[in-house]
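Colleague: Take a look at this one; I'll ask things after.
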Amino acid sequence: MKPAIRTRTFLLMACLSLLVACSAIKLGYNNSATFAHTYLTNKVDFDSEQSALLKTSLNNIVEWHRNAELPVLANELQTARQALAARNGVVTPVNAAQVQALNQAIRASLRRTANEAAPVIAKNMLGLWPNQIRDIQQALNKSNVEYREERLMQNAEKRVNESIERMTERFERWLGTLNPVQLKQIEAWARTETRWAESRYENRLERQQQFMDLVNTAANRQIDQATLSREIARLLNAWQTPSSPSDKQESEQRQKTTIALIVDVLNSATPEQRNNAADRAAGWAKDFQILASRS
């Protein structure tokens, strides 16, 4: 494990922050295939054969992730427990290179997961029928309305305030109540981050259109499974490798500003806050180890 690993796990914490409590992690992970199956069958009118294949596929993906990726994440968190803890009341500063190392580790994990899932997704998509295309498009349209209402319909100041609220909540799940310096750091980040709201939405629509093109092609049996699998993997990983120079520049700038925020907040943390994060990391590491060991 690289020495830089000592703070890499903080970004991992942000990526996993939808699961608040340790018990929620175990409950949510063990039932994730069921939750996903219920969600998807509520969006698309699958027949019994399609539904059965979807359930099997989701279970297979989760079990692969349990065996292949959870041990990696558990090791990251275990290392972080010692790194995040204040020693004798002293907080060790972190730097951007250390946090970027975690960013790259998470991206690698997501690429592996996308590549593993792509053939399974392709098999399910080739079982669709043309009349189900409308269900999928309607589900995407509904999600876009909700996205616009939440992220784009407000005035600029409200967007900033809601971005501040979301990021503050993520940090406080790990550090506890933030201090005024940390809140100012988040506010400065949010005023930069919200500038890209419109372009992020445009990229979202573009990826959805590419996905629907694949759905149409698969439902009409105009593509073989191997080719479809490659295209799905490419689309799932596209956010990591923007094609246009402007999108690439924006992606790199957003990564840079977010990494800088993590560094600033961690380096402004009190010993108590760092110990809070260390305790949370230890709890998650233990849960991941338990989940990974389940046969």
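Colleague: Are any residues in the stretch 149-168 surrounded by fewer than 17 Cβ atoms within 10 Å (Cβ to Cβ) and without any contact (Cβ under 8 Å) to a residue 40 or more places away in the chain, and if so, which ones?
Modeller: Within the stretch 149-168, E149, E150, M153, Q154, N155, A156, E157, K158, N161, E162, E165, R166 meet the criteria.
Colleague: So, E146, is that one open to solvent by 30 Å² or more (accessible area, probe 1.4 Å), assigned to a helix (DSSP H, G or I), within 13 Å of A197 (Cβ to Cβ) and of a type in the set (D, E) or not?
Modeller: no
Colleague: Considering only residues that are among the aromatic types (F, W, Y) and open to solvent by 50 Å² or more (accessible area, probe 1.4 Å), which ones fall in the stretch 194-217?
Modeller: Once the filter is applied, which keeps residues that are among the aromatic types (F, W, Y) and open to solvent by 50 Å² or more (accessible area, probe 1.4 Å), the stretch 194-217 yields only F211.
Colleague: Here's a check for you: in the stretch 66-125, which residue that is open to solvent by 60 Å² or more (accessible area, probe 1.4 Å) and without any contact (Cβ under 8 Å) to a residue 12 or more places away in the chain is nearest to W174 (Cα to Cα)?
Modeller: R87
Colleague: Being among the charged types (D, E, K, R), crowded, with 16+ Cβ neighbours inside 10 Å and modelled with pLDDT of 95 or more is the filter here, so list the residues in the stretch 22-63 that pass it.
Modeller: K55
Colleague: List every residue pair whose Cβ atoms lie under 6 Å apart, where the two residues are 6 or more positions apart in sequence or sit on different chains, the first residue falls within the stretch 261-281 and is under 22 Å from T192 (Cα atoms), and the second residue, located anywhere, is of a type in the set (S, T, N, Q) and open to solvent by 10 Å² or more (accessible area, probe 1.4 Å).
Modeller: Short answer, once both residue conditions are applied: D264/Q185; V265/Q185.
Colleague: List the pairs whose first member sits in the stretch 199-221 and is farther than 14 Å from L236 by Cα, whose second member is assigned to a helix (DSSP H, G or I) and polar (S, T, N, Q), and whose Cβ atoms are under 7 Å apart, counting only residues at least 6 apart or on separate chains?
Modeller: Here the result reads A219/Q132, each pair linking the stretch 199-221 to a residue that is assigned to a helix (DSSP H, G or I) and polar (S, T, N, Q).
Colleague: Here's something else I'd like to know. Does L214 satisfy the condition of being closer than 24 Å to R112 by Cβ and in contact with an Asp or Glu (Cβ under 9 Å, 6 or more places away or on another chain)?
Modeller: Answer is yes for this residue.
Colleague: Those residues that are modelled with pLDDT under 90 and hydroxyl-bearing (S, T, Y), I need them from the stretch 244-273; list them, please.
Modeller: S244, S246, S251 - these are the residues of the stretch 244-273 that are modelled with pLDDT under 90 and hydroxyl-bearing (S, T, Y).
Colleague: To continue, here is another question. Return yes or no: is T227 over 23 Å from the mean Cα position of the chain (by Cα), at pLDDT 95 or above and surrounded by fewer than 16 Cβ atoms within 10 Å (Cβ to Cβ)?
Modeller: yes
Residue-wise test of (1) at pLDDT below 90; (2) open to solvent by 60 Å² or more (accessible area, probe 1.4 Å); (3) closer than 22 Å to R111 by Cβ; (4) under 18 Å from the mean Cα position of the chain (by Cα).
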residue: A219; (1), (2), (3), (4): no, no, no, no
residue: R234; (1), (2), (3), (4): no, yes, yes, yes
residue: P242; (1), (2), (3), (4): yes, no, yes, yes
residue: N275; (1), (2), (3), (4): no, no, no, no
residue: L291; (1), (2), (3), (4): no, no, yes, no
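The values are calculated or read from the model by the stated rules, or taken from the named source; none is laboratory data. Computed from a predicted model, the values in this text were never measured in an experiment. Cβ atoms come from the backbone with ideal geometry, glycine included; neighbour counts cover every protein chain shown. To get the accessible areas, we keep the full protein, side chains included, count just its heavy atoms, and leave off ligands, DNA and RNA. Shrake-Rupley method; radii C 1.70, N 1.55, O 1.52, S 1.80 Å.
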